[in-house]
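The values are calculated or read from the model by the stated rules, or taken from the named source; none is laboratory data. Here the structure is a predicted model, which means the values were calculated and not measured. Positions of Cβ are generated from backbone atoms using ideal geometry, with glycine treated the same way; all protein chains shown enter the neighbour counts. Protein only, heavy atoms only, side chains kept; ligands, DNA and RNA dropped before computing areas. Shrake-Rupley method; radii C 1.70, N 1.55, O 1.52, S 1.80 Å.
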Protein chains: 2
Amino acid sequence: MGGDFGMDATIPACCKFLEEYPNVKLVLVGDRSQILHKFGPQLDRYNSLELIHAPECVDMQDEPRSALRKKKQSSMRVAIDILAQHKVNAVISSGNTGALMLTAYHLLGTIEGVERAAIAKILPSMSGEGVCMLDLGANLEATPNQLFQFGIMGAQLMRCVYNVDSIIGLLNIGSESIKGHEYIKNAAELFKQYPNCNFYGNVEGNDINTGIVNVVVCDGFTGNVTLKTMEGIAHMINKIVTSEFKRNLLSKAIGILAYPVINCIKRRLDARQYNGAMFLGLNNVVVKSHGSTDYIGFYHAMEVAYKEARHDVITSIKEKLSAKKNI
Amino acid sequence: MGGDFGMDATIPACCKFLEEYPNVKLVLVGDRSQILHKFGPQLDRYNSLELIHAPECVDMQDEPRSALRKKKQSSMRVAIDILAQHKVNAVISSGNTGALMLTAYHLLGTIEGVERAAIAKILPSMSGEGVCMLDLGANLEATPNQLFQFGIMGAQLMRCVYNVDSIIGLLNIGSESIKGHEYIKNAAELFKQYPNCNFYGNVEGNDINTGIVNVVVCDGFTGNVTLKTMEGIAHMINKIVTSEFKRNLLSKAIGILAYPVINCIKRRLDARQYNGAMFLGLNNVVVKSHGSTDYIGFYHAMEVAYKEARHDVITSIKEKLSAKKNI
């Protein structure tokens with residue numbers, strides 16, 4: 001029910017998902033009559049689809065705490081309830097991020113040994129394999145051990161889902177180990193002491209998307225500002241490109257000729273394909289879709305959740321962290 | 001003498017500058033014989049040019065402290081010495097940033113009432129007027145009062161140099177005033193209490209370049225990571241555009257046709273025109289040029305320094321901050 005477009009984004013995304021992944025069962029949680037009124041005939045075509053009624057809805061204005069306490073019949077809450085009961089393997093929502101995070105924390109808990117969950121996303125990289133960046137805003141601050149755990153979680157994700165060797169970098173203001181905050185230097189020490197962990201060292205903002213590392217670790221404040229800065233710059237460049245191709249008749253004509261190439265570029269830069277932020281470190285798979293995305297973006301968030309659940313990232317994190325304890 | 005290209009960037013930039021601003025006098029500080037050997041005949045053409053010999057050079061590997069203590073005959077040190085003696089109005093360097101900052105701090109001091117100097121840059125914005133962002137790395141952390149002062153300094157810069165009404169935003173992870181670190185919330189209070197200061201409130205990473213504010217304030221860690229992230233994303237997009245236009249014969253042909261438009265886009269995104277980081281808050285004008293830029297970039301850094309000195313930003317900051325004291 002969430003996000004700027006509500007069912008108009010989520011339900012077409014579900015239909016697309018079932019076309020692509022016919023063996024996956026989907027459970028829609030929301031206002032039954034609203035859903036059936038608008039999408040009934042469309043949904044009838046799918047067998048592997050269940051509908052669970054939830055009469056309430058968490059609004060964007062709801063305080064996370066009050067959503068958790070008072071809206072026990074909300075679609076968000078009911079979805080996380082059935083996840084906690086192991087009736088489903090993953091929850092995807094485009095609703096209120098704070099409420100989703102708090103509710104998930106409260107009802108699901110963190111993986112044994114994990115101090116704090118982190119918001120993680122796979123971002124584009126020049127090497128093409130993508131880079132997992134975390135924390136993107138779950139924790140304003142992070143201790144050295146929390147940063148260390150974020151790195152291990154991100155590395156396990158990349159290994160399990162993308163089958164790549166993980167190389168972990170700590171986001172900092174210089175490559176030298178003397179640079180930056182004390183808690184970052186201390187986190188670097190934890191990585192260095194830990195065996196079987198491919199730690200690159202510090203990376204800077206301009207290294208994130210180069211592919212020299214495929215896991216970038218930072219506190220949630222820095223991660224959130226950085227992620228949004230990326231979105232802002234990409235948006236500005238897109239605007240500049242569009243305005244230059246629309247400047248005059250000649251440039252418009254060139255724009256029509258260049259359309260296939262421009263289209264390829266836009267497709268490669270399309271933020272929707274990178275949609276889907278994982279709440280990594282929780283005991284179950286919870287993925288947040290950007291509130292303003294359309295059905296294509298929501299579909300990609302569903303794929304992110306599917307892959308995290310399918311490759312059992314949580315068990316792999318659990319094993320890795322308990323192995324650490326036994327050193 | 002500094003930067004990746006040394007005199008090959010700085011001296012052609014000086015020549016270009018003297019063509020554009022024939023009434024400005026330039027003083028070159030560096031190894032006299034090296035300069036004259038390579039650029040003697042070229043420099044002979046300009047009357048408003050003086051050469052001061054400095055036998056030493058601060059290297060990129062030099063520790064700032066040791067550069068300050070031991071290299072008293074370095075071009076960087078001699079340049080700042082003559083600035084402190086009011087023989088020149090501004091210094092531009094593309095050398096070791098840490099050494100430049102420390103030497104400038106030590107020899108010039110800060111404007112009365114200014115707690116800490118900040119690194120400030122004018123970045124592109126969609127509104128076209130540019131946005132002043134600070135601190136970009138002079139201070140790892142900042143107190144509420146320091147953030148407040150950064151905002152006032154940035155606002156005075158925009159007012160004096162660009163003749164625009166300044167609107168100040170605090171970089172944060174949400175627009176609501178309850179978001180973010182305590183020191184940011186406390187800085188917001190200082191801005192709100194201060195009369196005659198156009199404070200917008202919090203801005204997020206994706207707001208920096210939109211033009212909703214023209215001064216963005218943050219601590220040096222966040223600012224440095226953010227600035228470098230912008231550079232990284234712009235670089236990645238540039239790579240993607242180039243690779244798509246080179247994908248096959250057809251796209252190459254389209255690329256040739258679209259060249260005038262692509263060229264306009266590249267010119268608008270050319271990082272060199274935004275080169276030149278001001279050490280705002282010092283008693284004199286010191287501008288750092290990016291070490292890897294060419295003569296065009298260094299020329300723009302010279303323009304930044306010229307404008308800051310020409311419009312006497314320092315006096316305006318001094319007056320604004322002493323007015324605050326008298327409230």
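Below are the figures for this structure:
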item	result
Backbone N within segment A:120-148 under 19 Å of label point (7 Å from B:Glu182 Cα along the Cβ vector)	A:139-144
Viscosity 0.890 mPa s, 25 °C: Kirkwood-radius Stokes-Einstein D of segment B:241-301 over Cα pairs, µm²/s	175 µm²/s
Exceeding the 22 Å Cα-Cα cut-off - candidates B:Lys228/B:Lys266; B:Lys192/B:Lys228; A:Lys72/B:Lys185; A:Lys121/A:Lys266; A:Lys16/A:Lys38	B:Lys192/B:Lys228; A:Lys72/B:Lys185
At 7 Å out from Cα toward Cβ: B:Leu36 inter-copy label distances (nm, ascending)	9.5
Per-selection Kirkwood Rh - chain A (Cα, Å, 1 d.p.)	20.9 Å
Mean residue ellipticity (222 nm) of chain B, computed from DSSP H runs ≥ 4 via -39,500 (n - 2.57), nearest 500	-15500 deg cm²/dmol
Average other protein chain Cβ within 10 Å of Cβ, residues B:235-248	5
Whole-number Å³ per residue for the convex hull built on Cα positions in the protein assembly as shown	181 Å³
Exam field: B:Arg65 pseudo-label spacings to other copies (7 Å along Cα-Cβ), nanometres	4.6
Rg in Å to one decimal, and Dmax rounded to a whole Å, for segment A:64-152 via C-alpha atoms	14.8, 47
Candidate aspartates and glutamates for bridging to A:Lys179, where Cα separation is under 12 Å - those fewer than 8 sequence places away on the same chain excluded	A:Glu204
For segment B:244-290 versus segment B:25-65, the gap between their alpha-carbon centres in whole angstrom	28 Å
Spherically averaged projected area of segment B:143-232 from its Cα convex hull (nm²)	5.6 nm²
Segment B:180-327 shape via C-alpha gyration tensor axes, a/c threshold 1.5	prolate
Mean Kyte hydropathy of -1.0 or more with a Cα span along the axis of at least 24 Å, helices from DSSP in chain B	B:144-162, B:220-245
Descending Cα extents along the principal axes, segment A:1-74, whole Å	37, 22, 20
Taking segment B:214-311 and dividing mean pair separation by its residue count, relative contact order in percent (alpha carbons under 8 Å, at least six apart)	18 percent
Cα coordinate range in segment B:1-152, projected on the principal axes (Å, largest first)	52, 43, 28
Exposure of A:Val88 as accessible area (Å², to 10), given a probe of 1.4 Å and all protein chains	30 Å²
For segment A:54-110, diffusion coefficient by Stokes-Einstein and Kirkwood Rh (Cα), 25 °C, 0.890 mPa s, µm²/s	222 µm²/s
Given charges at Cβ of Lys, Arg, Asp, Glu: the protein assembly as shown dipole, positive-most of B:Asn209, A:Phe17, A:Leu321	A:Phe17
Test item: B:257-268 mean partner chain Cβ contacts at 10 Å	5
Lys, Arg +1 and Asp, Glu -1 on Cβ, resulting dipole of the protein assembly as shown about Cα centre, debye, nearest 20	540 debye
